[in-house]
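Q: Pasting in a structure now, in structure tokens, and then I'll have a few things to ask.
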Amino acid sequence: TTTSVAIVGAGPAGLMLAHRLGRSGVDCVNIDVRARAEIETTHRAGILESASAADLLDTGVSDRILRDGDEHAGVELRFGGRSHRIDFQDLVGASVWLYPQTDVFIDLADARDRDGGVVHFGVSGTVVDSVETDSPTVKFTDAAGARHEIRARYVVGADGSHSVCRKLVPEAQRSQFFREYPFAWFGLLVETPKNAPELIYAHSEHGFALVSQRSDTVQRLYFQCDPDESVDAWSDEQIWSTLHDRLSGDDGFELHTGPIIDKSVLRFRSFVQQPMRWGSMLLAGDAAHTVPPTGARGLNLALHDVRVLAPILVRALGAAGDSALDDYEPQALERVWRAQNFSFWMTQMLHNPPAATGFDLQRQLGELSNVVGTRAGRAYLAEQYTGWPSAGGP
Ligand code: DHB
């Protein structure tokens, strides 16, 4: 078969691109190695900047976020046993939305079904070829065992942090920038009421903790742990006492405890591959860049890539031809490195490195005081957490 754009990956980046192309009358096909049910149940981030919420609403994906999502007009930074609110509305006139990535995926996959989009989940044996020509191919075996060959004009690698597409850029022609961190996140889903109206990012001498939410009855909690930690080594009692040590303070704040219904360790790194285009192939989302989770930039950045890329592909398929593609990387990459810096900054400000000295911890407290202590400091965080002005539109 032939199509205009073959999209490797059917996560939020790949499906939002397909949705946008479909709205512009461009045909495309998505494939993903994962089953739909697997993506729906892999817990990821939970915060959408308002531009990402607008992507869902204004392009007609779904308005479910208005019913099932929660608008948050601020966050709390907690350190020295006290919480300090960053008021996004007051500082920068913006909010974010608590709406889990799994729900974003469900909405996008449902919208593809509704609009007649072609998405193959659970594929195997994917081979992407001839990306240096103007008729690249994607071969794969579908979930029922049938072999397919798609001939496309463009291929988009939206295949996540373990991308196979990005490896198609020859080693001599690509730069990979990365940084590892000596810690990971222990992530939990627990059945309790909400602990606070908004998210709490906590620094403590025992390490970082994050109190997030999923619904009125299920909450999302994270705490800094060793990257090689196994979830099975932790009893519920140890988990609750670790969280207590990191969150308790003079103000008497206490986390609700309850049944733990999901546990996982999330390892993370900072990563960027350049260029984001090679011949007829373009990279979007985690395939091109991965950020540490602190500050919830990853999904938002992926959606930004696609906001920029979709109209560029439409122009490239029209009269402009390949030269339209030259605009993609400059428009996407500036935000990529801004988000890399923000994610790194939040991570280093709030986590406790294994060999931290008293000086290191006190300096972090000084940095946190600088952030919450002046309007400029709070606005600096608020501006970045809620997203930057975008090059593209819906
Ligand atoms: C969540 C994850 C994040 O990385 C973050 O910064 C905020 C919230 C979450 O899963 O809810």
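Q: For region 263-276, in order, what is each residue's ³J(HN,Hα) by Karplus, 6.51 cos²θ - 1.76 cosθ + 1.60 with θ = phi - 60°, in whole Hz (x at glycine and Pro)?
A: Values per residue, Gly and Pro as x: 9, 7, 9, 10, 7, 8, 8, 9, 8, 9, 10, 10, x, 8 Hz.
Q: If I take all pairs of Cα atoms in region 1-90, what percentage of them are more than 17 Å from each other?
A: 65 percent
Q: For region 109-118, take each phi angle, set θ = phi - 60°, evaluate the Karplus expression 6.51 cos²θ - 1.76 cosθ + 1.60, and give the result in whole Hz per residue in order, putting x for glycine and proline.
A: 5, 5, 5, 4, 4, 4, 8, x, x, 9
Q: Over the residues of region 132-214, compute the C-alpha Rg and express it relative to 2.2 N^0.38 Å.
A: That works out to 1.83 for region 132-214.
Q: To the nearest Å, what is the center-to-center distance of region 332-394 and region 242-314, using C-alpha atoms only?
A: 14 Å
Q: Additional query: What base-10 log of the normalised intensity I(q)/I(0) is obtained for region 84-166 from the Debye formula, alpha carbons as equal point scatterers, at q = 0.24 Å⁻¹?
A: Values, matching the q order: -1.28.
Q: Let me ask something additional. Given the -39500 (n - 2.57) contribution per DSSP H run of 4+ residues, what per-residue ellipticity at 222 nm results for the chain, rounded to the nearest 500 deg cm²/dmol?
A: -10500 deg cm²/dmol
Q: Another question, if that's okay. Can you tell me which of ASP228, ASP286, ASP129 moves the most in a GNM of the chain? Springs connect C-alpha atoms under 10 Å apart.
A: Between ASP228, ASP286, ASP129, it is ASP228 that shows the largest mean-square fluctuation.
Q: Now for a different question. Computed from the mean reciprocal separation of all distinct C-alpha pairs, what Kirkwood hydrodynamic radius does region 155-196 have, in Å?
A: 14.7 Å
Q: For region 184-266, go through all pairs of different Cα atoms, get the mean of 1/r, take its inverse, and jot down that Kirkwood value in Å.
A: Mean inverse Cα-Cα distance, inverted, gives 12.8 Å.
Q: So how compact is the chain: Cα radius of gyration and Dmax in angstrom?
A: Here Rg and the maximum Cα pair distance are 21.4, 65 Å.
Q: For region 179-228, what is the per residue volume of the convex hull drawn over the alpha-carbon atoms, in cubic angstrom?
A: Dividing the Cα hull volume of region 179-228 by its residue count gives 94 Å³.
Q: Which FRET efficiency value, to the nearest 0.05, do you get for ASP226 and THR126 by plugging their Cβ-Cβ distance into 1/(1 + (r/R0)^6) with R0 = 30 Å?
A: Efficiency, rounded to the nearest 0.05: 0.30.
Q: Moving on. Using alpha carbons only, how many degrees (0 to 90, rounded to 10) separate the axis of helix 298-317 from the longest principal axis of the chain?
A: Rounded to the nearest ten degrees, it is 20.
Q: Could you give each residue of region 345-358 its phi-based ³J(HN,Hα) in whole Hz, using Karplus coefficients 6.51, -1.76, 1.60 with θ = phi - 60°, and x for Gly or Pro?
A: 5, 4, 5, 6, 6, 10, 9, 10, x, x, 9, 4, 9, x
Q: How big is the convex hull of the Cα atoms of region 248-342, per residue, in Å³?
A: For region 248-342, the hull spanned by Cα atoms encloses 149 Å³ per residue.
Q: According to the Kirkwood expression over distinct Cα-Cα pairs, how big is the hydrodynamic radius of region 267-394, in Å?
A: For region 267-394, the Kirkwood estimate is 16.4 Å.
A short reminder: the numbers here are calculations on the coordinates, not readings from a lab. These numbers come from a predicted model, not from an experiment. Cβ coordinates were reconstructed from backbone atoms using ideal geometry, including for glycine residues, and neighbour counts include every protein chain displayed.
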